[in-house]
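Working notes, structure below.
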Amino acid sequence: MDGSNIQTDYPVVLRFEGLYPHQLGGYEAHRLRKGGDLGHVNCSRSDLNQTLIGSEDWAARALDEIAEMTADNFAAELASLEKRKRKKDIERRIVEGPKQPWRSTRHGPMREVILTVNKDWFDGDLSAFFGEGENQREQRFGELAKEWLIDSFGEDVIHARADRDELAYHVHAVIMPRAKVEIAKPKAKVPTASATRWMLQPSIHPLIKDYEAAQDSVGQWFSELGLVRGERRAEAIRNARKNGQETPKRRYHAKTWKWRAEQELRLKAEAEALAAERAELDERTGRVVEREDEAETVLAVAEGIASGAFVLGGDNDESALVEAPDAPPPEGSAIEDLRRRSARGFTRAVGIFGRAWSQMIGQARRNADARVSEAMDQINRADEVLVEATLQLPAEKQSQVARIRQSIPAMLRRLKRSEATLSSGFDETRAERSDPGDEEKL
């Protein structure tokens, strides 16, 4: 049960990567999970990886063969020069030494092939559900990949393997394109072959030379699994240019290590940005909590004053907040608890209500002073009128008025006590004592 009868639109993925012989050592280290970027590898599944083509020492064999090709080409070149008696050229070539058996190219003389499908297609296999063991889609994909590689590149496929320890099942292969090249005589009127050389020449394989043909080939080859050819982007670009339309952007496949490095940098930048946002959020949250504590402290102080549990003016300080001695305990926190909850809120609350209390006491004092002053003026004027009127009375009446005037100091003392009580916030403990010389002044 491989699910191949289910119609899908999953494209088979084919990629070619340039490869130089000196890179085979790093390729092998990564294949054996002994080096390279292993951050994406699930090493617990590495034993499930499978060799499809080639021996375990394929890389060493390839390097030996390339070294042999290099030496044989050099020997054949020197023999050809010796046959033509080109002594100076022989001396020059001996100094230069053997040449690599390929022409310098941007991609290298060998190719790595990668074949795969989207992970979801492989995960859609139902073999495990029906108790059939191995994932049938993976197995059949590997079989078809091996057949396509041999059919397309023959013995030049020196290595192929299936990896199951990464995100999606995929097949890697290495192509070493051997070509026997005829070397023409230079400066000849009619060029004729003078020698042959073994070279590494990727263009001898039509599917390497024509990338679109390779995509057509794998699309047809894997169609039995319900897979399709990848998007015809190159053809779409040509048609757009031909019709004068805007061309679709080309897709440039970054190397896996480069793509992963870019992703790691992107994730690191996102993590740093997220950490900065979290720190800013924590700071804002802290400020909000602090303001909430401050507001709650102000309200608690206000409720304590309103209920009579707290009073202002303790220890001769009108701005000091103390617990009322005879008041019931407050429902909320006591004064010290409020101060610890938010020192800023407590200070603000005491400052606000202290200023209000001071303003109220000041106004009371001013009102009391005005009333007392007015009363004193009236008493003094009445006393002056009384004295003048007394002088017109007989002696008996004058003595009677004198006794009345003697009661005025007691009235003044009561008035002064009222004045002191108002001036001190209606606190009788701060009442001003009367002056004993007031009677004599009258």
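With θ set to phi - 60°, apply the Karplus curve 6.51 cos²θ - 1.76 cosθ + 1.60 along the range 18-26 and write out the HN-Hα couplings as whole Hz, x wherever there is a Gly or Pro.
Values per residue, Gly and Pro as x: x, 8, 9, x, 5, 8, 5, x, x Hz.
For Ile352 and Arg287, what does the FRET efficiency come to when R0 = 25 Å and r is the distance between their Cβ atoms, rounded to the nearest 0.05? Before the final figure, lay out the partial values.
Values: r = 21 Å, r/R0 = 0.84.
That pair, Ile352 with Arg287, gives E of 0.75.
Let a ≥ b ≥ c be the square roots of the eigenvalues of the Cα gyration tensor of the range 64-126; is it rounded (a/c under 1.5), or, if not, prolate (a/b larger than b/c) or oblate?
The shape class here is prolate.
Between Asp123 and Gln100, what is 0.36 nm times their sequence separation minus the Cα-Cα distance? Round to one decimal in nm.
Value of the extension gain: 3.8 nm.
How charged is the neighbourhood of Gly54? Take every other residue with its Cβ under 10 Å from the Cβ of Gly54, and add Lys/Arg as +1 and Asp/Glu as -1.
Net charge around Gly54: 0.
Arranged from highest to lowest average of other beta-carbon atoms within 10 Å per residue, in what order do the peptides 337-346, 95-104 appear?
Packing proxy ranking, top to bottom: 337-346, 95-104.
Past the 32 Å Cα-Cα mark, which pairs from Lys34/Lys146; Lys85/Lys209; Lys87/Lys209; Lys146/Lys209; Lys146/Lys268?
Values: Lys34/Lys146 25 Å; Lys85/Lys209 39 Å; Lys87/Lys209 39 Å; Lys146/Lys209 20 Å; Lys146/Lys268 39 Å.
Result: Lys85/Lys209; Lys87/Lys209; Lys146/Lys268 exceed 32 Å.
Output ³J(HN,Hα) for the range 277-292: one whole-Hz value per residue in order, computed from phi by the Karplus curve 6.51 cos²θ - 1.76 cosθ + 1.60 with θ = phi - 60°, and x for Gly and Pro.
Along the range 277-292, the couplings run 5, 5, 5, 5, 5, 4, 5, 5, 4, x, 5, 5, 4, 4, 5, 4 Hz.
Name the shape class, rounded, prolate or oblate, that the alpha-carbon gyration tensor gives for the range 34-144, where a ≥ b ≥ c are the square roots of its eigenvalues, rounded holds for a/c under 1.5, and otherwise prolate holds if a/b is larger than b/c and oblate otherwise.
Values: a/c = 3.78, a/b = 3.51, b/c = 1.08.
In terms of gyration-tensor shape, prolate.
Values in this text are rule-based calculations from the coordinates and carry no lab data. Note that the structure is predicted; figures quoted are calculated from it, not measured. Cβ sites come from the backbone with ideal geometry, for glycine too, and all protein chains shown count toward neighbours.
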